[in-house]
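The values are calculated or read from the model by the stated rules, or taken from the named source; none is laboratory data. Treat the numbers as computed from the prediction; the structure is a model and nothing was measured. No Cβ is skipped: glycine too gets one built from the backbone with ideal geometry, and neighbour counts run over all protein chains shown. Accessible surface is based on the protein model in full, side chains and every heavy atom, while ligands, DNA and RNA are left aside. Shrake-Rupley method; radii C 1.70, N 1.55, O 1.52, S 1.80 Å.
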Amino acid sequence: MRSPVWLVVLLPLVTAACATTSVAYHPQKDCEAGSPDACADWADQLAGRGETLQAEAAQGQGCQGGLISSCITQGRFLIQRGELEAAELPLRKAYLEELPETHEALADLYQARGTPEDLRVASGLRFEAPAIDKPATEFVYSFRMDSRGFPGAALSFNVQPMAFLSRRLSLGFHMALGAGPTELNGFVGYQHFASSWTVLYARALLGHVPGAPPGEGLNYGGELGLKLCLGPLGHLDFAVGSSRFSPLHASVGLGLNGLFLLLFAMR
């Protein structure tokens, strides 16, 4: 019998977490032998002793080995020394990984250069940073409870590519069911990234109720919500809202990257 996919992925991580550090571990020698992680550890020891130039060199070795945190740290050491041109290579290598911290690090370089054009680029990088690792599409399932105490559920499909003001604008489809008549709505929303993991949003709903008498099925409303983001995986969702066919309600839900569900459906 095949093992579940999640077990195959999780087992190496659990094994690594349970492993103990070898008594023979020597950061300097293991760095020289080609271990990027050892280079980062060796750099931390050097920095702790005030040997910043040697620490910078060790972080450079870690960066060459593909350790993104070392690329960021090396770049920041170089910025502190005023070596702005030299700092660009490791910071741009990190930037290609498309993570919030890598965008922020490259923004620091442009900020240090200080020309009007560089400051514009730095501002753009900081605007993109908290949204860069979030999914372009999300499926969200929510449990709802309305003000009368009636339970219900909602399904949403959210589209939020970087092209929409770095995911600030979102469009999608929303279906509510259970507590009252089934609602089919479209929505448009705006998202405020308070941080890379906290997103506040507001959305306007417009749709209809299937089976309603002619001319009486128009539905409209809105929601205010909070996302606690899980990077590219998805988010936890908390919201309050109301619509013509639903009284005031609160919901809690789980959003998943739409790509994951597409891959699951193709199995």
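Among the protein heavy atoms, those of Ser70 account for about 0 Å² of accessible surface (1.4 Å probe, every chain in place).
Each residue, Phe260 and Leu206, gets one label point 7 Å from its Cα in the Cβ direction; the gap between the two is 3.3 nm.
Using a simple spin-label model with pseudo-atoms 7 Å out from Cα toward Cβ, Met145 and Arg92 lie 5.5 nm apart. Our summary gives the chain a relative contact order of 11 percent, counting only alpha carbon pairs under 8 angstrom and 6 or more residues apart. Ordering Leu206, Leu109 by accessible surface, largest first, gives Leu206, Leu109; the 1.4 Å probe counts only protein heavy atoms, with every chain in place. Average accessible surface for the chain: 56 Å² per residue, computed with a 1.4 Å probe over protein heavy atoms with every protein chain in place. Principal axis extents of the C-alpha atoms in region 66-130 (largest first, rounded to whole Å): 32, 27, 13. By accessible area, using a 1.4 Å probe on protein heavy atoms only, the chain has 66% of its surface on carbon and sulfur.
Centroid-to-centroid, using Cα positions, region 206-231 and region 164-201 are 10 Å apart. Normalising by residue count, region 130-236 has a Cα convex hull of 96 Å³ per residue. Loop-located trypsin sites (Lys or Arg not before Pro) in region 35-88 (DSSP state not H, G, I, E or B) with no more than 11 neighbouring Cβ atoms inside 10 Å: Arg49. Only helical runs count toward this figure. For the chain, summing -39,500 (n - 2.57) over DSSP H runs of n ≥ 4 and dividing by all residues gives -12500 deg cm²/dmol at 222 nm.
Extents of region 40-81, largest first, come to 25, 21, 12 Å (Cα atoms, principal axes, whole angstrom). Summing +1 for each Lys or Arg and -1 for each Asp or Glu among the other residues whose beta-carbon sits under 12 angstrom from that of Phe238 gives 0. With all protein chains in place and ligands, DNA and RNA left out, the 1.4 Å accessible area ranks Lys93, Lys227, Lys29 as Lys29, Lys93, Lys227, largest first. Annotation: Arg148 carries an accessible surface of approximately 130 Å², with a 1.4 Å probe and no ligand, DNA or RNA atoms counted.
For Met162 and Thr52, what does the FRET efficiency come to when R0 = 25 Å and r is the distance between their Cβ atoms, rounded to the nearest 0.05? Present the calculation step by step, with values, prior to reporting the outcome.
Details: r = 36 Å, r/R0 = 1.44.
For Met162 and Thr52, the calculated efficiency is 0.10.
If you add up the charges near Arg120, with Lys and Arg at +1 and Asp and Glu at -1, over every other residue whose beta carbon is less than 12 angstrom from its beta carbon, what do you get? Residues near Arg120 contribute 0 overall. Can you give me the P(r) profile for region 106-193? Cα pairs, bins 5 angstrom wide beginning at 0, each as a whole percent. That works out to 3, 13, 16, 14, 13, 11, 9, 6, 5, 4, 3, 1, in percent per bin. Give, as a single signed number, the net charge of other residues whose beta carbon lies under 15 Å from the beta carbon of Asn158, with Lys and Arg counted +1 and Asp and Glu -1. With Lys, Arg at +1 and Asp, Glu at -1, the net is +2. Bridging of Lys227 to aspartates and glutamates at a Cα separation below 15 Å is possible for Asp133, Glu138, Asp237, once same-chain residues fewer than 8 apart are set aside. In this simple spin-label approximation, Ser195 and Thr182 carry label points 7 Å from Cα along the Cα→Cβ vector, and these lie 4.1 nm apart.
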